[in-house]
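Remarks on the structure that follows.
The values are calculated or read from the model by the stated rules, or taken from the named source; none is laboratory data. Everything numeric in this text was worked out from a predicted model, so none of it was measured. Here Cβ is always computed from backbone atoms with ideal geometry, including for glycine, and neighbour counts include all displayed protein chains. All accessible areas refer to the heavy atoms of the entire protein, side chains included, with ligands and DNA or RNA removed. Shrake-Rupley method; radii C 1.70, N 1.55, O 1.52, S 1.80 Å.
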Amino acid sequence: MNHPHVDALVRIMPPEHGADEEVDWDAVEVQLGTRLPADYRAFMATYGAGGIENLVILAPLAVDFPQWSPGTIIDTTPTLRELWDMDGGVPGTGCGADAVLAWGTGCNANELGWLMTGSDPDQWPVVVWRRHGSPHWAQFECGMAEFVRRLMLAEFDECPLSDLSLWGRIQPFVHWREQHRRFQAGLDPMTGEPDPYASMFDGLTDSPT
């Protein structure tokens, strides 16, 4: 599955450690009650769920796998909606919390999602809750793949997150299964370098790959 914004992302962040998530999109639509944007679906086919530095790109639904979870839209969305209710959401949108749907989390407690502004998912803007932002909520007129690319190329007027770890820094994507494999091997899940703290988790590295 190709998408121009995912293709543009591939040019700066090759999916060397990505994997097709092989998502049952009909099941996703039933459980979430909506289709998801084409760029996200293309991202799942090209990269899958996983991490870019400390930004987690969520899987749509839970994955049955021992000891490791990529994080999911269905599990993370309630937190995003609670934050929307608590802070009033993006000023001026007039949307309730049920209009937001998560797709990313991390970067020191930043939460990322879509604002479901209509029936066409490809027109949904990205919304971000910034832990240290003022206001906490911000909206960006782009999709998730373009948002990630522009974040790493510093193409917004200012960093859209309250964390600078990916601002103007192109980092590799690592699929959650590769993170798990590295963890089992005593390596840092994101960098693949030897992890000096791996011995602390010896009892957790016996699950099958």
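Couple of notes before you dig in:
- Subset of the stretch 91-106 that is among the hydrophobic types (A, V, I, L, M, F, W, C) and part of a strand (DSSP E or B) - its residue that is farthest from Val56 (Cα to Cα): Val100
- Output for the stretch 62-99, where each listed residue is hydrophobic (A, V, I, L, M, F, W, C) and in contact with a Ser or Thr (Cβ under 6 Å, 6 or more places away or on another chain): Ala62
- Note on the stretch 139-164: among residues that are modelled with pLDDT of 95 or more and small (Gly, Ala, Ser), the one that is farthest from Gly88 (Cα to Cα) is Ala154.
- Candidate set: the stretch 134-147, residues that are over 20 Å from Ala8 (Cα atoms) and outside any loop (DSSP other than H, G, I, E, B); chosen: the one most open to solvent (accessible area, probe 1.4 Å): Gln139
- Boolean, Pro125 is out of contact with any Asp or Glu (no Cβ under 6 Å at 6 or more places or on another chain), open to solvent by less than 40 Å² (accessible area, probe 1.4 Å) and modelled with pLDDT of 95 or more: no
- Number of residues in the stretch 165-194 that are part of a loop (DSSP other than H, G, I, E, B), open to solvent by 70 Å² or more (accessible area, probe 1.4 Å) and free of Cβ contacts under 8 Å to residues at least 40 places away in the same chain equals 2.
- Boolean, Arg150 is in a helix (DSSP H, G or I), farther than 20 Å from Tyr40 by Cα, without any contact (Cβ under 8 Å) to a residue 40 or more places away in the chain and not aromatic (Phe, Trp, Tyr): no
- Unmet criterion (only one of (1) over 14 Å from Pro37 (Cα atoms); (2) at pLDDT 95 or above; (3) touching a Ser or Thr at 6+ places or on another chain (Cβ under 9 Å)) for His136: (2)
- The set of residues in the stretch 70-79 that are touching a helix residue (DSSP H, G or I) at 6+ places or on another chain (Cβ under 8 Å) and either of a type in the set (D, E, K, R) or more than 15 Å from Met44 (Cα to Cα) (or both) contains only Ile74.
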